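Beneath this line is the structure, given in structure tokens, with notes to follow.
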Amino acid sequence: MPFHKLNISRKFKRLATIIYDALGIIASILIALFLRLDSAELTFSPGLPELASTLVTVTVSIFCFIRLGLYRAILRYMTINAITTLVAGITTSAIVLAASSYYFHSFIPRSVPVIYALVALIILGSPRLILRSLVHQRLQRYKPAIIIYGAGNAGYQLAHALFRGTDYRPAAFIDDDVKKHGITIHGLRVFPYSQLENLIATHCAVKVLLALGKTPRAERAKLIQTLESCSAEVLSMPSVEDITNGKANINDIQSIEIEDLLGRTPVPPSDDLLGRCISKKNVMVTGAGGSIGSELCRQIITQRPSKLILFELNEFSLYKIEQEISKYISVNGLDTKLHAVLGSVQRQKRLMIVMQKYHIDTVYHAAAYKHVPLVEDNVVEGVRNNVFGTWRCAEAAVSAGVKNFVLISTDKAVRPTNVMGASKRMAELVLQAMAPRSPSTFFCMVRFGNVLGSSGSVVPLFREQIKQGGPVTVTHPDIIRYFMTIPEAAQLVIQAGAMAKGGEVFVLNMGMPVRIIDLATRMIKLSGLTLRTEDDPFGDIEIKIIGLRPGEKLYEELLVGEDSHPTEHPSIMKADEEFLHWHDLLKIIEPLDIACSDYDEASIYEILFRAPTGYNTKSEPSQTPSHSLAS
């Protein structure tokens with residue numbers, strides 16, 4: 001039975017340790033006298049001052065040990081701090097011995113306390129270190145072995161954390177640096193990548209943990225691609241940024257981040273663009289509790305606005321983001337005033353009152369229904385929220401004298417094949433038509449594709465399906481998507497909004513498109529599992545093709561027209577697209593409003609088809625367009 005599972009009470013262990021220390025102190029004094037006097041005839045009789053000095057030393061030393069917290073340290077978790085405490089206690093004990101021998105006029109030479117301290121350190125410290133080592137080794141046997149890839153500072157910290165934890169046992173390091181091969185770090189030898197499979201087999205390792213520190217994302221992606229054939233599951237430690245920000249601990253092992261799979265390296269943001277519409281201004285975010293809205297709030301608060309207004313319909317989502325931003329403000333000592341406001345973007349008067357009350361300078365309109373199948377089944381609510389919610393919010397902004405209004409749009413608004421995309425394109429047309437008649441408010445739209453980790457994202461769905469043993473469901477073998485991280489998307493939205501002069505459609509460079517079936521395959525392999533196919537019917541996980549959902553495209557586009565122009569930011573383009581004048585737009589939007597009020601879905605579809613949105617439920621280009629901004 002492991003030592004740590006012995007059924008011995010904590011009080012009994014402490015009492016036994018105190019008794020041992022008391023006897024150890026007496027033995028140390030006797031040994032010190034023997035070494036100094038070179039005599040084995042050391043006896044104590046009643047009344048001798050040497051006995052009094054010894055008793056005082058034992059009593060005061062034990063009291064000091066207790067006060068120093070030496071007996072509160074759990075043996076198997078004992079660290080260098082506990083050893084330091086023991087040294088401090090023994091030093092104090094030696095001083096007490098010297099002082100008491102002087103007080104009682106004991107026949108104890110002056111050099112004895114020094115010898116005593118060294119002997120006591122051995123007698124009291126050695127058993128603690130030996131037992132700790134035995135318990136540590138015994139504990140390690142019961143933990144599954146892992147291999148750490150990366151023998152740098154991050155790898156050392158990870159090994160240290162895992163040795164102290166109860167989940168995994170580090171068995172070896174792998175590193176690509178030839179200079180490190182063969183050396184020992186934290187008791188573990190460093191091997192080259194060529195030895196990985198041998199190490200996995202030798203130690204029966206169940207996982208390979210990546211500790212790559214600040215390795216560029218492109219290099220991480222290349223390494224992860226190499227590890228796809230690894231027979232163990234590949235995981236990673238949190239990023240340095242997450243550990244620094246307190247979002248994660250060094251020993252929080254996690255699945256490979258999709259960002260590392262894609263190898264996308266974000267362009268560093270421009271500080272001037274980030275702060276232009278935010279710093280020392282009053283900012284409002286609609287849909288503040290959503291995936292994009294909440295990340296916008298996180299990015300905005302770093303630019304130190306005077307006020308940040310969180311506008312959200314869902315009470316729980318609003319509470320969560322309000323608590324998170326409040327904590328950030330408190331920890332960083334900001335003077336930003338935070339206000340959480342419940343409300344619907346379809347209530348124009350409510351919006352106007354809020355914007356006037358807080359003297360809003362900039363609005364980021366992220367409130368929208370964006371799940372394609374749900375909007376397809378709830379046409380009226382989808383159109384009301386996405387089209388009329390945007391219109392009401394924009395009208396409120398004009399009435400309240402808001403200077404900047406940024407709409408968060410989507411690639412699904414380009415030649416839409418679903419109601420969600422058509423409604424977002426209508427929202428764009430509303431703002432484009434309003435821009436010329438509202439010169440005091442700069443309207444703009446920012447259009448981009450899928451963001452990693454957003455609600456409804458395919459990545460967490462795949463992870464859950466893999467965890468449950470499959471199958472992993474893909475709608476079509478040829479379906480592709482553009483991906484971007486939520487923080488990068490939010491930063492680019494803020495920077496694009498700062499460049500607005502009125503009516504622009506900004507398009508984010510989403511990088512290279514990704515085949516969803518390839519993404520699913522890589523995630524299965526990196527989980528240490530095999531793909532079940534016709535060639536390998538005994539594989540672990542099957543990929544099942546379930547067919548395109550209603551309104552779903554094989555791929556998305558970012559431009560309605562053929563033309564786009566560069567901006568001052570390399571990842572942001574400005575689209576050159578046609579738009580409607582206000583009186584022409586009213587001919588479409590007013591009947592649409594009536595149809596929504598009457599819950600007349602047939603009329604809604606008819607109006608959306610007639611509108612210049614490009615809406616066509618059967619439209620599907622034969623090949624990926626050249627103007628999709630892939631790079």
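The values are calculated or read from the model by the stated rules, or taken from the named source; none is laboratory data. Bear in mind that the values here come from a model prediction, so they are computed numbers and not experimental data. Neighbour counts run over all protein chains shown; Cβ positions are idealised from the backbone, glycine included.
Numerical summary
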quantity: Filtered residue count, the range 1-50, keeping only those that are among the hydroxyl-bearing types (S, T, Y), under 20 Å from Y71 (Cα atoms) and at pLDDT below 75; calculated: 1
quantity: Those residues of the range 574-589 which are within 42 Å of the chain's Cα centre (by Cα) and not aliphatic (A, V, I, L, M), in sequence order; calculated: K574, D576, E577, E578, F579
quantity: Number of positions in the range 364-396 that are of a type outside the set (D, E, K, R) and in a helix (DSSP H, G or I); calculated: 18
quantity: Condition broken by I122, with the remaining ones in (1) out of contact with any strand residue (DSSP E or B) (no Cβ under 7 Å at 6 or more places or on another chain); (2) modelled with pLDDT of 85 or more; (3) not assigned by TED's automatic domain parsing to the domain that holds A16 satisfied; calculated: (3)
quantity: Tally, over the range 348-368, of residues that are surrounded by fewer than 20 Cβ atoms within 10 Å (Cβ to Cβ) and either of a type in the set (G, A, S) or at pLDDT below 95 (or both); calculated: 0
quantity: Complete set of residues in the range 486-524 that are touching a residue at least 60 places away in the same chain (Cβ under 8 Å), not in a helix (DSSP H, G or I) and not small (G, A, S); calculated: M499, E504, V505, F506, V507, L508, N509, M510, M512, P513, V514
quantity: Checking G456 against (1) assigned to a strand (DSSP E or B); (2) modelled with pLDDT under 85, the condition it does not meet; calculated: (1)
quantity: Filtered residues of the range 198-222 (kept if without any contact (Cβ under 8 Å) to a residue 40 or more places away in the chain and among the aliphatic types (A, V, I, L, M)); calculated: A201
quantity: Scan of the range 158-178 for residues that are in contact with a helix residue (DSSP H, G or I) (Cβ under 8 Å, 6 or more places away or on another chain), more than 16 Å from A205 (Cα to Cα) and surrounded by 18 or more Cβ atoms within 10 Å (Cβ to Cβ), ordered by number; calculated: D175
quantity: Flag if V331 is β-branched (V, I, T), farther than 19 Å from I494 by Cβ and touching a strand residue (DSSP E or B) at 6+ places or on another chain (Cβ under 7 Å); calculated: no
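This table checks each residue for (1) surrounded by 12 or more Cβ atoms within 10 Å (Cβ to Cβ); (2) closer than 24 Å to G382 by Cβ; (3) modelled with pLDDT of 75 or more; (4) hydroxyl-bearing (S, T, Y).
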residue	(1), (2), (3), (4)
E552	yes, yes, no, no
L559	yes, yes, no, no
E562	no, no, no, no
H565	no, no, yes, no
H569	yes, no, yes, no
F579	yes, yes, yes, no
H583	no, no, yes, no
P591	yes, yes, yes, no
A595	yes, yes, yes, no
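Per-residue answers, yes or no, for (1) under 30 Å from R610 (Cβ atoms); (2) not assigned by TED's automatic domain parsing to the domain that holds A366:
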| residue | (1), (2) |
| --- | --- |
| V430 | yes, no |
| M434 | yes, no |
| P471 | no, yes |
| I494 | no, no |
